[in-house]
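First comes the structure, then the notes that go with it.
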Amino acid sequence: MSNKHTGELDGVSDYLKAQYIRRWGIVNTAKQQSIAEHMYGVWTLIRVWGPEIDLGPISQGQAEEWALTHDLAEIRTGDMPTPHKTPEIKSWLDRVERDIYPPTKLIEASLKGSSVADFCKFCDTAEAVLFLRLNGIGRHAMDVCDVLQLQMIKRLQASSIADHRQITLLKLFHSAMEAT
């Protein structure tokens, strides 16, 4: 008999659980966010911003697929707050997540080191910052938002994304921030 709370995701009922797995366990927010909502938010940014930085159709498709699946393993592991992800824990999580939803790790491996991977990570963090900007409550939430935004900008500057595309992404991000 298999344990349905561990191991590889198996079928629609497992995937639908993404709507119940909550993010922001250590941050006070006005509204809860599920990993499904987060992945959709990341997909939205990738879908809208990808063409703005001239992402080709194949890369756009890969990025969108990554966005809609990148946190599915959290159906089993839950969302772990970034401050708790030491290098050792991150390494362990990577191994566990590879077993839970292998396709995401295959996508990540195919994108590794590319500007598309850097773009995906930018959108992943941008969605988190935008969510907290709109829904965060209190000083701690704003501090987390500021730390994430600083990390996002530093990663972007160190990325393989061309400078003029980095500028475009930052303009798009700041425009989205002003709209929240």
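Only the coordinates and a few stated rules stand behind these numbers; no lab work does. This one's a predicted model, so the numbers in the text were calculated from it and none came from an experiment. Every residue, glycine among them, receives a Cβ derived from its backbone with ideal geometry; neighbour counts consider all protein chains shown.
Assorted remarks:
- Within the straight-line cut-off of under 24 Å between alpha carbons, the lysines reachable from LYS121 are LYS17, LYS31, LYS85, LYS90, LYS105, LYS112, LYS154, LYS171, sequence neighbours fewer than 8 places apart in one chain being disregarded.
- A helix-only calculation puts the chain at -22000 deg cm²/dmol for mean residue ellipticity at 222 nm, using -39500 (n - 2.57) for each DSSP H run of at least four residues, averaged over all residues.
- Only the Cβ atoms of Lys and Arg (+1) and of Asp and Glu (-1) were treated as charged; on that basis the dipole of the chain about its Cα centre amounts to roughly 340 debye.
- Mean-square fluctuations from a GNM of the chain, with a 10 angstrom spring cutoff on Cα atoms, peak among GLU65, GLU74, GLU88 at GLU88.
- Simple rule: put +1 on each Lys or Arg Cβ and -1 on each Asp or Glu Cβ in the chain, find the dipole, and look at GLY61, ILE89, GLY7; the Cα lying farthest toward the positive end is ILE89.
- Near ASN135, once Lys and Arg are set to +1 and Asp and Glu to -1 for all other residues with Cβ below 13 Å from its Cβ, the sum equals +2.
- Rounded to the nearest whole Hz, the Karplus-based 3J(HN,Hα) values (6.51 cos²θ - 1.76 cosθ + 1.60, θ = phi - 60°) of region 105-117 follow the sequence 5, 5, 4, 4, 5, 6, 9, 3, x, 9, 5, 5, 4, with x at glycine and proline.
- For the chain, a Gaussian network of Cα nodes joined below 10 Å ranks THR82, THR168, THR104 by mean-square fluctuation, and the top entry is THR82.
- Between ARG95, ARG155, ARG133, the GNM of the chain built on Cα springs shorter than 10 angstrom shows ARG95 fluctuating the most.
- At the listed q of 0.13, 0.15, 0.16, 0.19 Å⁻¹, the Debye profile of the chain, built from one uniform point per Cα, gives log10 I(q)/I(0) equal to -0.68, -0.91, -1.04, -1.45.
- Summing charges over neighbours of SER91, with a neighbour being any other residue whose Cβ is under 14 Å away from its Cβ, gives +1 when K and R count +1 and D and E count -1.
- Computed about its Cα centre, the charge dipole of region 1-67 is approximately 420 debye, with only Lys, Arg, Asp and Glu carrying charge at their Cβ.
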